[in-house]
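Asks: Please find one structure pasted underneath; my questions will follow.
Nothing in this text is a laboratory measurement; each read-out follows from the coordinates by a stated rule. Computed from a predicted model, the values in this text were never measured in an experiment. Note: ideal-geometry Cβ built from the backbone for every residue, glycine included; neighbour counts use all protein chains shown.
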Amino acid sequence: MKAVAYSSKICEKELLIKANNKKHDITLISNRLTLDTISYAKGKDAVLAFPCDDLSAPILNRLKEMGVKYISTRSTGTDHIDIEEARKLGLKVGNIPSYSPESGAEHAIALMLSLSRNILPAHKQMLEYDFSLTNLVGNTIRNKTIGIVGLGRTGKEVAKILNAFGAKVLVNDIEDVSDYCLSYRARQVSFDTILNESDIITFHVPLNESTRHMVNAQTISKMKDGVTLINVSRGAIFNSKEVFDSLQDEKISKLGMDVYEFEHNVFFFNHSKNPINDPLLRALIQHSRILLTPHMAFLTEEALQVIAEKTISNLDLWESGQCVGEACCCNKICVDTPKALSA
Ligand code: NAD
């Protein structure tokens with residue numbers, strides 16, 4: 001199969017080449033997929049995408065016209081792909097449903113601990129040879145009430161770690177996850193209970209119409225004063241402006257974010273020489289009570305290895321006329337008939 005991998009990073013190139021083992025003819029390019037770069041997909045059967053690529057309806061229609069049949073995203077999230085349009089066009093879409101949930105979970109915990117223990121201000125002080133302690137008093141995780149919104153693959157790992165820390169863990173999920181909660185002394189509760197009772201809330205939900213802006217002025221008003229929020233899922237789970245205003249008012253005391261609502265075309269690229277024109281992002285980066293990382297929660301050697309292997313496995317399955325099974329995103333149509341689909 002001929003494929004083009006858009007937005008390919010130096011850190012994943014070797015892994016993709018090794019996992020491919022010369023089976024498929026893959027062109028690796030660092031450019032994002034946009035209308036300006038779409039011509040690289042000419043003559044290809046498949047596009048290997050990344051969350052910063054544009055897979056909106058106009059792009060999908062153009063890809064279809066160019067003969068592309070398959071899209072495999074090197075991510076769990078598929079919110080950058082218009083799945084419904086792909087389905088209408090008969091384009092098959094696959095993702096990487098699970099690669100290393102520990103990677104995302106450990107990053108959420110890293111943000112949580114760094115904020116709780118003032119690691120960033122401490123580091124800034126050290127650079128000034130200021131060894132005083134007055135502004136560095138932190139809090140323990142032990143005995144804090146921590147809300148996890150979304151107890152899927154990542155949320156479960158977070159619950160496990162927080163249980164080991166001795167936190168009181170509350171969980172909200174649209175599915176019944178009470179059995180899993182029992183194993184980690186967590187309690188499944190309503191979203192409102194999470195908002196009302198948590199000292200720290202961490203979000204591990206996919207971005208969809210039910211989760212877009214689930215953190216907004218109204219939901220923040222129900223939170224405890226001085227709450228800490230962590231988001232390693234997708235930026236638009238938060239209404240960024242309303243979250244920032246609540247941080248300024250000190251309703252939210254600290255904020256850890258690996259993702260940002262308007263990150264497209266900014267995150268994943270080096271803008272040090274062409275400054276970004278986004279005053280809100282600038283304000284978030286400069287704020288002393290915010291810790292922002294550039295969508296890197298997934299970025300471990302362990303995760304990159306599995307992403308490369310599963311990406312190639314998606315191509316293998318499609319080439320042999322099979323559905324990619326759990327990785328299939330074609331709105332359940334293929335999942336229900338997993339064998340020998342006509343490509
Ligand atoms: P998952 O599908 O295993 O789990 C998502 C959970 O959220 C499920 O249990 C689901 O029932 C629940 N959920 C869905 N809608 C909900 C709602 N409205 N309220 C409460 N719960 C809801 O996904 P995952 O692997 O845990 O990843 C979660 C998201 O994190 C992904 O969709 C992806 O967007 C993001 N992610 C980001 C990174 C990163 O590098 N920052 C890495 C991996 C995943």
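Asks: Within a Cβ distance under 14 Å of Leu315, other residues only, what is the Lys/Arg minus Asp/Glu net charge? Write out the running numbers ahead of the final one.
Replies: On the way: positive: Lys2, Lys22, Lys23, Lys44, Lys69, Arg74, Lys92, Lys310; negative: Asp25, Asp45, Glu309, Asp316, Glu319.
Local net charge: +3.
Asks: With a cut-off of 8 Å between alpha carbons and a minimum separation of six or more residues, what is the relative contact order of segment 237-338 in percent?
Replies: Values: 61 pairs, mean separation 22.3, N = 102.
Reported relative contact order: 22 percent.
Asks: While we're here: Quick check: Cα centre of segment 273-331 to Cα centre of segment 22-71, how many Å?
Replies: Between the Cα centre of segment 273-331 and that of segment 22-71, the gap is 16 Å.
Asks: Under the rule of at least 5 residues apart or a separate chain, name every residue whose amide H is placed under 5 Å from the amide H of Ala5.
Replies: Distant-sequence amide H within range of Ala5: Thr27, Leu28, Ile29, Leu48.
Asks: Over all distinct Cα pairs, what is the inverse of the mean 1/r for the chain, reported as the Kirkwood hydrodynamic radius in Å?
Replies: Details: mean 1/r = 0.0468 Å⁻¹.
One over the average 1/r among Cα pairs gives 21.4 Å for the chain.
Asks: While we're on this one: For a quick check: with amide H placed at 1.01 Å from N, whose amide H comes under 5 Å from Gly147's, ignoring anything fewer than 5 positions away on the same chain?
Replies: Leu170, Asp199, Ile200, Ile201, Thr202
Asks: Here's a follow-up. Please arrange Leu127, Leu195, Leu182, Leu151 by counting, for each residue, the other beta carbons lying within 10 Å of its beta carbon, fewest first. Don't jump to the answer; show the numbers that get you there.
Replies: Numbers: Leu127 7, Leu195 22, Leu182 11, Leu151 25.
Ordered from fewest to most neighbouring Cβ atoms within 10 Å, Leu127, Leu195, Leu182, Leu151 come out as Leu127, Leu182, Leu195, Leu151.
Asks: How large is the Kirkwood hydrodynamic radius of segment 192-283, in angstrom, based on all distinct alpha carbon pairs? Don't skip to the answer; put the middle values down first.
Replies: Working: mean 1/r = 0.0725 Å⁻¹.
It is 13.8 Å.
Asks: Looking at segment 95-198, which trypsin sites (Lys or Arg not before Pro) are DSSP coil and have at most 10 other C-beta atoms within 10 Å of their C-beta? Before the final figure, lay out each step's value.
Replies: Working: sites: Arg117, Lys124, Arg142, Lys144, Arg153, Lys156, Lys160, Lys168, Arg185, Arg187; in loops: Arg117, Arg142, Lys144, Arg185.
Passing sites in segment 95-198 are Arg142.
Asks: Let me check against my output: what whole-number percent is the relative contact order of the chain, with C-alpha pairs under 8 Å and at least 6 apart?
Replies: Details: 626 pairs, mean separation 57.8, N = 343.
Answer for the chain is 17 percent.
Asks: Restricting to DSSP H runs of at least four residues, report the calculated mean residue ellipticity at 222 nm for the chain, -39500 (n - 2.57) per run over all residues, nearest 500 deg cm²/dmol. Walk me through the intermediate numbers first.
Replies: Details: 12 runs with 118 residues, N = 343.
That comes out to -10000 deg cm²/dmol.
Asks: All other residues with a Cβ under 11 Å from the Cβ of Thr140 taken together, and with Lys, Arg as +1 and Asp, Glu as -1, what is their net charge? Please list the in-between numbers first.
Replies: Numbers: positive: Arg117, Arg142, Lys144; negative: Asp199.
Spelling it out: positives minus negatives among the neighbours equals +2.
Asks: Moving to a separate point now. To make sure I understand, if each residue's beta carbon is the centre and we count other beta carbons within 10 Å, what order do Thr219, Thr78, Thr73 fall in, fewest to most? Don't jump to the answer; show the numbers that get you there.
Replies: On the way: Thr219 18, Thr78 22, Thr73 26.
The fewest-first ordering by Cβ neighbours comes to Thr219, Thr78, Thr73.
Asks: Which cross-chain or sequence-distant (5 or more) residues have an amide H under 5 Å from the amide H of Gly256, H modelled 1.01 Å from N in plane?
Replies: Distant-sequence amide H within range of Gly256: Leu229, Ile230, Asn231, Leu291.
Asks: Short version: ³J(HN,Hα) in whole Hz for each residue of segment 187-203, in order, from phi by Karplus 6.51 cos²θ - 1.76 cosθ + 1.60 (θ = phi - 60°), x for Gly and Pro, what are they?
Replies: 10, 7, 9, 6, 4, 4, 5, 4, 4, 5, 10, 8, 7, 9, 10, 10, 10
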